[in-house]
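Colleague: Here it is: the structure, laid out below.
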Amino acid sequence: MKKIQINKILIALTMIISLGACKKEFVDVSPKGEFLTENYYADQSQAFSALVATYDALRKNSGGFENMITMMNAGSDDHFAGGGGSTDGAGIQAFSTHSLTSLNVPSSFWGDHYQGIFRANTLLAKLPITKMDETLKARYAAETKALRAIYYFNLVRIFKNIPLLLAPLTATNMYQVKQTTKDSVYAQIEKDLTEAIAVLPTSVAVATDGGRLTKGAAKAILGKVYLYNNKASLAAAQLAEVNGTPGTTSSLGYKLLSNFSDLWVVNNKFNTESILEVTHSSIGNSDWGWWGSGRDEGNTVNVMVGPRNYTALTGAPGLPSGWSFNVFTQDFYDVMKNDPRFEATIFDLKALEAAGKATYIAGYQNTGYFLNKFLPRNADIRTGTGTQELNFKQDSYVIRLADTYLLEAEALGGTGTRAQALLDAVRTRAGLSSVPVSLAAIKAERRLELAGEGHRFFDLVRWGDAATVLAGRGFTTGTDEIFPIPFSELQGTMLVQNPNYK
């Protein structure tokens, strides 16, 4: 993965880092020329290339080995890190046992998000002098602010104590950067999203602009931000505009898919339940020579969660082998086994092997229960050149409608007619009967509906449940709610390590 450190940010002042495209045609446009020179951003074409580059950090959700989905899954109670062994990915293994240090924490979770912020700040600083249509310029600025908010939202949830940078750093101030309060970061996130909402379009043309931010996407993110920041009434209001009447099409065009399993069909991109998604492509024919540079365009979660040396015998689906990360725990299997969403969520290779229908090599912490939502089939293998493992094209959801239904129900306190309707809509789509709404019921539903999508650890922390639920995984209250700041970021700077980390 590409990296940028606070104390090495001048590297970015003279070059552009090539895109790892993570949208459809929108991000297949590569930025050209010198990105941060004084004469760049002169016209719409150059500003558009810079905007595409700013979007690129969204790829962190599911692109590259150090992606948000597999990392955050590994730290929850529903998954083990898995992989090939206890040293296969030092960071993901350490997070799974809650033994992160400043030396083994993957620095890209800091650097990649700040790279996106740096690009956003630079574009916002340059747009006023760019010669282009003013309405379009306002839209570019709105998208950039929303992106900056998303990157800060990830950073504040992961590290909590972070610098708030709203302008590009220079050689004179880069070593004087200090952390600010969590409240200040949240205030800026809310400000950026509020300003973006006023300008962003209600919809986009998927064929050309699929993956770009809309008014609804910004509202959904803002509602989630409000909930994390303990502003429940504001969260409920924003999310209600996104959700509309539960089970129907909202005024912003969102609707739950009829079949839960259709959410995971690779070609079902930008469906009615998708509010904001990261898109992946095999168009770039990514190869191993690009690995670690961030230029590979595929969904890396797909290869990470696949079983090792898989062979289908009789009556088993054909699928490519993978690296066996993020296997489900037995506890989660037991909770999920009678749920109608089971087969779409869990690929029960343990049962297939026992029935003589398939074989595989057990990876580290193997349970035989694999993450089916992101498990590609043979039909999903790229047909062009490039390395198979780096060219899977399944998109990933940053936020989807079932998520916002449950977030709104929670923001309403888990009580009342509307909260009941929101919970019922999610359960009805899954083929389940109604249960009385409560915060406990909403928590349980989020665990099942959103399993394997990278949300569980954050949910446990914000609910105050992590200490109890993760006690058997080594979780220490007052420390493991957040990551340590990478050691490299502390050298020669004024940054201070997070509490209880060295």
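The values are calculated or read from the model by the stated rules, or taken from the named source; none is laboratory data. What you see is a predicted model, and the numbers here were worked out from it, not measured in a lab. These accessible areas exclude ligands, DNA and RNA; they are computed on the full protein's heavy atoms, side chains included. Shrake-Rupley method; radii C 1.70, N 1.55, O 1.52, S 1.80 Å.
Colleague: Going by amide H atoms built from the backbone, whose H comes under 5 Å of the H on residue 347, apart from near neighbours?
Modeller: Answer set, sorted by chain and number: 370, 371, 372.
Colleague: Quick check on my link table: of 60/502; 191/373; 131/269; 191/337, which ones sit more than 31 Å apart, alpha carbon to alpha carbon? It would help to have the intermediate numbers written out before the result.
Modeller: Values: 60/502 26 Å; 191/373 34 Å; 131/269 34 Å; 191/337 43 Å.
From the list (60/502; 191/373; 131/269; 191/337), the Cα-Cα distance tops 31 Å for 191/373; 131/269; 191/337.
Colleague: Once you keep just the Cα pairs under 8 angstrom separated by 6 or more residues, what percentage relative contact order results for the chain?
Modeller: On the way: 991 pairs, mean separation 108.7, N = 502.
Relative contact order here is 22 percent.
Colleague: Residues with amide H under 5 Å of residue 399's amide H, sequence separation 5 or more or different chain, H placed in the peptide plane at 1.01 Å from N; which?
Modeller: Answer set, sorted by chain and number: 275, 276.
Colleague: Something else: Once amide H atoms are placed 1.01 Å from N in the peptide plane, what residues at a sequence separation of 5 or more from residue 281, or on another chain, have their amide H within under 5 Å of its amide H?
Modeller: Placed amide hydrogens put 298, 299 under 5 Å from residue 281.
Colleague: I need the Kirkwood Rh of region 307-354: take the reciprocal of the average 1/r across all distinct C-alpha pairs and report it in angstrom.
Modeller: Details: mean 1/r = 0.0836 Å⁻¹.
Taking every pair of different Cα atoms in region 307-354, averaging 1/r and inverting gives 12.0 Å.
Colleague: For region 129-143, in order, what is each residue's ³J(HN,Hα) by Karplus, 6.51 cos²θ - 1.76 cosθ + 1.60 with θ = phi - 60°, in whole Hz (x at glycine and Pro)?
Modeller: Using θ = phi - 60°, the values come out as 9, 6, 8, 6, 4, 5, 5, 5, 4, 5, 5, 4, 5, 5, 4 Hz.
Colleague: Shape of region 255-328 from its Cα gyration tensor (a ≥ b ≥ c, root eigenvalues): rounded if a/c is under 1.5, otherwise prolate when a/b > b/c, or oblate?
Modeller: Details: a/c = 2.12, a/b = 1.10, b/c = 1.93.
The shape class here is oblate.
Colleague: Please report the accessible area of residue 260 (heavy atoms, 1.4 Å probe, ligands and nucleic acids excluded) in Å², nearest 10.
Modeller: My reading of the accessible area for residue 260 is about 10 Å².
Colleague: Taking every pair of alpha-carbon atoms in the chain, what share in percent sits in each 10 Å bin, from 0 to the bin with the longest distance?
Modeller: Per 10 Å bin, starting at zero, the Cα-Cα P(r) for the chain comes out as 4, 20, 31, 29, 14, 3, 0 percent.
Colleague: What share of all Cα pairs of region 338-396, in percent, falls into each consecutive 5 Å distance bin?
Modeller: Pair shares across the bins are 4, 15, 19, 22, 20, 13, 6, 1, 0.
Colleague: Using only C-alpha positions, report the orientation-averaged shadow area of the convex hull of region 276-318, nm², one decimal. Can you show the working numbers first?
Modeller: Details: hull surface 19.5 nm².
Quarter of the Cα hull surface area: 4.9 nm².
Colleague: With no solvent and one point on each alpha carbon, what is the Debye value of log10 I(q)/I(0) for region 290-404 at q = 0.20 Å⁻¹?
Modeller: Taken in order of the listed q values, log10 I(q)/I(0) reads -1.16.
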